[in-house]
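Here the structure is laid out as structure tokens; the discussion comes afterwards.
Values in this text are rule-based calculations from the coordinates and carry no lab data. If you're wondering where the values come from, they're calculated on a predicted model, not measured in any experiment. Note that we place each Cβ from the backbone using ideal geometry, even for glycine, and neighbour counts take in every protein chain shown.
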Amino acid sequence: MQLNGIKIVIVGAGIGGLAAALALKARGADVSVLEQAEAITEVGAGIQVSPNGAAVLTALGLQKEFEAASIRCRAVVLADYNRRGEVLRLDLMRHAHDLRFAFVHRADMIDLLADAVRQAGINIRLLQKVDSVEPGSPPTLRMTSGARISADLIVGADGLHSPARKALNGSSNPFFTGQVAWRATVPNDIGLADEARVFMAPGRHLVCYPLRNGSLVNLVAVQERRDWAAESWSHSDDADNLRAAFSDFSDLPMSLLGRVVDPGLWGLFRHPVASCWHKGRVTILGDAAHPTLPFMAQGANMALEDAWVLAEELARAPGIEIALEAYQNRRRPRVERVVAAANGNAWKYHLRSGPVRAAAHVALRLGGMAAPV
Ligand code: FAD
């Protein structure tokens with residue numbers, strides 16, 4: 001289908017929405033992006049982009065910018081929380097490939113995508129909050145300002161609390177997983193190498209990796225507990241709570257935790273993958289369709305894949321609704337596998353009993369490991 005002249009409105013200027021804007025514009029669509037925030041900013045923390053996500057960035061013509069903004073990960077290392085030595089080292093340079101497994105600051109990733117969107121002549125309209133989505137003909141957005149905006153196609157890339165997902169699936173019932181995650185960046189004055197390190201402990205794990213030319217370290221610390229925090233990084237916590245929860249960890253993780261000021265704290269919830277990804281000429285992508293626990297580091301990577309496949313199917317199919325069905329059919333089974341793998345990963349890091357821990361560590365060595373948070 002020729003996308004020339006087709007008016008597409010994307011809700012959400014996150015990684016998924018911006019990537020979709022670029023992929024659709026490259027195929028000739030008339031794209032605009034609506035974002036509720038007053039500026040395009042991101043929580044100050046890192047993400048890992050695996051080669052599948054890097055492939056999309058490369059296809060969008062952003063390989064150079066991505067390489068400049070990111071650090072190539074040389075190895076993923078699993079270690080016990082209170083012992084020297086390593087349980088497993090996965091040397092990524094042995095299989096070095098043009099597409100990098102990389103660490104990038106979320107703000108830098110958003111900046112590079114938003115710059116490319118603006119250079120492509122795509123309008124990003126800020127302070128545009130969608131209240132609800134009507135998948136009729138034409139599909140229409142009702143804004144909190146009272147305005148109504150119609151388009152040939154509406155793409156909900158509006159994250160965890162997506163009005164577009166609600167319009168297609170009704171309300172969903174996420175449940176608390178019994179785990180919370182602290183997130184922080186600290187100065188890298190210990191010279192942490194270009195590796196992702198995971199320290200595994202009973203009921204907890206800590207992940208660290210460098211960012212921004214090695215000047216910072218990104219920390220994610222996960223703890224199992226009964227009480228829960230809100231599902232948002234805007235909730236901050238006292239750094240001493242984090243240090244107390246990990247006080248039995250060895251010197252390296254403790255010296256990093258010693259530098260934390262004002263960490264974010266997030267309750268980790270499990271959401272079902274949306275059963276319906278499209279209705280009429282409205283569709284969803286990224287976290288709006290499939291929020292995932294962070295234990296495979298694939299949420300943003302899946303959003304990038306969604307964006308690319310959506311544009312590809314729209315360009316290929318004879319009509320929008322056929323394309324949306326093909327998009328859901330291609331994406332849903334893969335995303336379900338990734339979400340299930342992330343759900344299953346936490347137990348491998350958090351085992352309590354000695355013999356089971358030892359056996360799990362052997363299993364990890366034999367290939368059961370996936371990219372961690
Ligand atoms: P979002 O980034 O949530 O963007 C949605 C956008 O829509 C926002 O800009 C929002 O303001 C806007 N919006 C929302 N509602 C409205 C509305 N009503 N009207 C207008 N605009 C609206 N993923 C990885 O791939 N690698 C990692 O290493 C990784 N680490 C993670 C670590 C942790 C601890 C967590 C919790 C997540 C991690 N993720 C990681 C997941 C990743 O952050 C998300 O999956 C990804 O950011 C989702 O992108 P998105 O564009 O779909 O949604």
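Side notes on the structure shown:
- Here the Karplus curve 6.51 cos²θ - 1.76 cosθ + 1.60, taken at θ = phi - 60°, turns the phi angles of region 331-336 into couplings of 8, 4, x, 5, 5, 4 Hz, with x standing for Gly and Pro.
- For Lys64, Lys166, Lys348, Lys129, order by how many other beta-carbon atoms lie within 10 Å, fewest first: Lys64, Lys129, Lys166, Lys348
- Residues whose placed amide H lies under 5 Å from that of Ile284, excluding near-sequence neighbours: Gly156
- Glu38-Asp262 FRET efficiency (beta carbon distance; Förster radius 25 Å; 0.05 resolution): 0.70
- Distance between region 93-113 and region 1-76 - C-alpha centres, whole angstrom: 13 Å
- 18 Å Cα-Cα reach of Lys25 towards lysines, excluding residues that sit fewer than 8 places from it in its own chain: Lys7
- Whole-Hz couplings from phi, Karplus 6.51/-1.76/1.60, listed for region 288-303; x for Gly and Pro: 4, 9, 7, x, 10, 5, x, 7, 10, 6, 10, x, 5, 5, 5, 5
- Qualifying trypsin sites (Lys or Arg not before Pro) for region 197-284 [loop in DSSP, other Cβ within 10 Å: at most 12]: Arg226
- Long-range HN-HN contacts of Ser132 with modeled amide H, under 5 Å: Arg142
- Against the chain, whose longest principal axis comes from its Cα atoms, helix 354-363 is set at around 50 degrees.
- 3J(HN,Hα) along region 6-22: 6, 8, 10, 10, 9, 9, x, 9, x, 4, x, x, 5, 5, 5, 4, 5 Hz, from the Karplus curve 6.51 cos²θ - 1.76 cosθ + 1.60 with θ = phi - 60°, whole Hz, x for Gly and Pro.
- Dimensions (Å) - the chain, Cα atoms, principal axes, largest first: 61, 42, 37
- A Cβ-based charge dipole, computed about the Cα centre of the chain with Lys and Arg at +1 and Asp and Glu at -1, lands at about 800 debye.
- Only helical runs count toward this figure. For the chain, summing -39,500 (n - 2.57) over DSSP H runs of n ≥ 4 and dividing by all residues gives -10000 deg cm²/dmol at 222 nm.
- Normalised by the number of residues in the chain, the mean separation of alpha-carbon contacts (under 8 Å, six or more apart) gives a relative contact order of 21 percent.
- The value of relative contact order for region 71-192, using C-alpha pairs under 8 Å at least six residues apart, is 12 percent.
- Per-residue Cβ neighbour rank within 10 angstrom, fewest leading, Cys73, Cys276: Cys276, Cys73
- Summary of the geometry: region 169-197 and region 273-289, compared by the centres of their Cα atoms, lie 25 Å apart.
- The ranking of Val49, Val273 by Cβ neighbour count inside 10 Å, starting from the fewest, reads Val273, Val49.
- Virtual spin-label span in nm between Cys276 and Ser236, 7 Å along Cα→Cβ: 4.2 nm
- 5 angstrom amide H check on Ser150, placed H, neighbours 5+ away: Leu141
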